[in-house]
Structures are given as C-alpha cells and as structure tokens.
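> I have a structure here, written as structure tokens, and I will follow up with some questions on it.
Derivation of every value follows stated rules applied to the coordinates shown; laboratory data play no part. Note that the coordinates shown come from a computational prediction; the quantities given were computed from them, not determined experimentally. Neighbour counts are summed over all protein chains in view; Cβ atoms, including those assigned to glycine, are modelled from backbone coordinates with ideal geometry.
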C-alpha cells in the first residue's frame, strides 16, 4: 500500500465530508417555497370559514375607496390567475360551476363556468389583486400558493380600487381567508 497516497486520502477526507455536509444543508433549505409564497406577508392567506357578503351583493353597493369583505370562488375563466402577477378572479358562490352539475367528466376546466350565461357571469365576477407600496400588482403568480386554487372559496378583505356600471369590480386585497377543502374519507 502506498503510504503517501493513503495519508493524502485521510487528510482530504474531512474536507470532503465538510463539502458534502454543506451541499446537503443547502439542498434541504425549503426548495418548494415559491417566490409568491415568500412575497406575501406572513398570515396574508389564512384558513377559516370564509364567510361574508357575496360578489353580487358587494358589486351592487361598493364604492371606490371603500373597505369591503367579499366572498367568492376562484374562477370565471380557463385561467383565473394572471401569470406572473398577483391577480385572480372570483365568482359569486351562488353561480354553479360546471363541477356542481354532478357529472365530473362533463368539463375539464369546471372553474371557467362555461355552462353559465355570460351576463350572469359578468355580474357575478370580481378581480382581486395584491399590490406593492406603489399600487402595482406583485410580480408573482398565485396559482397553488397557500391553497389558492381554482374553485377554492375565499373571503377577501380589501379596498375597492375600481368599479363601474358595466360590471367591473377590482378589490386590492389586504388579507384572504380560504375555506378548507372538504376531504372525502377513504374506505
């Protein structure tokens, strides 16, 4: 056995272990945390009953600048989340989505409310945005962040940023409460 090679190997072994430990620690640092989740303040999205006035009720009474709580289900289009922006749409929970029809294979995207009349959908839809200090939507997508998924029921508390008589309602969210999804027990 070559003593000099064995000595070099023994001296290099601790350095190799330290390097491997550093790599393992770095890899274990929450690799699944999305930029959107870290962009939202702690406690911005919580789980709870998500109760309050519905989209339609708020749209008929709200005024620009007013603080409101509004309840709806995430949806209204095939893609209710704006890509790379903290913006999504909600629909009045009184409007049935295609998932509510009893045939789960009827529609691949039941959150688009394609079975609903356009006028009813327009009247029952609101836009939700999460903005920075300058009033611009955060540059992150929110789909899947902290349970914000299509058809999730949410209660959004925030300020009405814009509203008109043609059906537009934009709420700048200050907090979001998401209703837990029902779980079906497995036999």
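> Between rounded, prolate and oblate, where does the stretch 35-178 land on the alpha carbon gyration tensor, with a ≥ b ≥ c its root eigenvalues, rounded for a/c under 1.5, else prolate if a/b exceeds b/c?
Note, shape of the stretch 35-178 comes out oblate.
> Rounded, prolate or oblate: which fits the stretch 113-187 when a ≥ b ≥ c are the square roots of the eigenvalues of the alpha-carbon gyration tensor, with rounded for a/c under 1.5 and prolate only if a/b beats b/c?
Verdict is oblate for the stretch 113-187.
> Another question about this same structure. Among 170, 74, which comes first, second and so on when ranked by fewest other beta-carbon atoms within 10 Å?
In increasing order of surrounding Cβ atoms, one gets 170, 74.
> Can you put 138, 168 in order, fewest other beta carbons within 10 Å first?
168, 138
> So, one more: Going highest first, how would you order 158-166, 76-84 by mean Cβ packing within 10 Å?
76-84, 158-166
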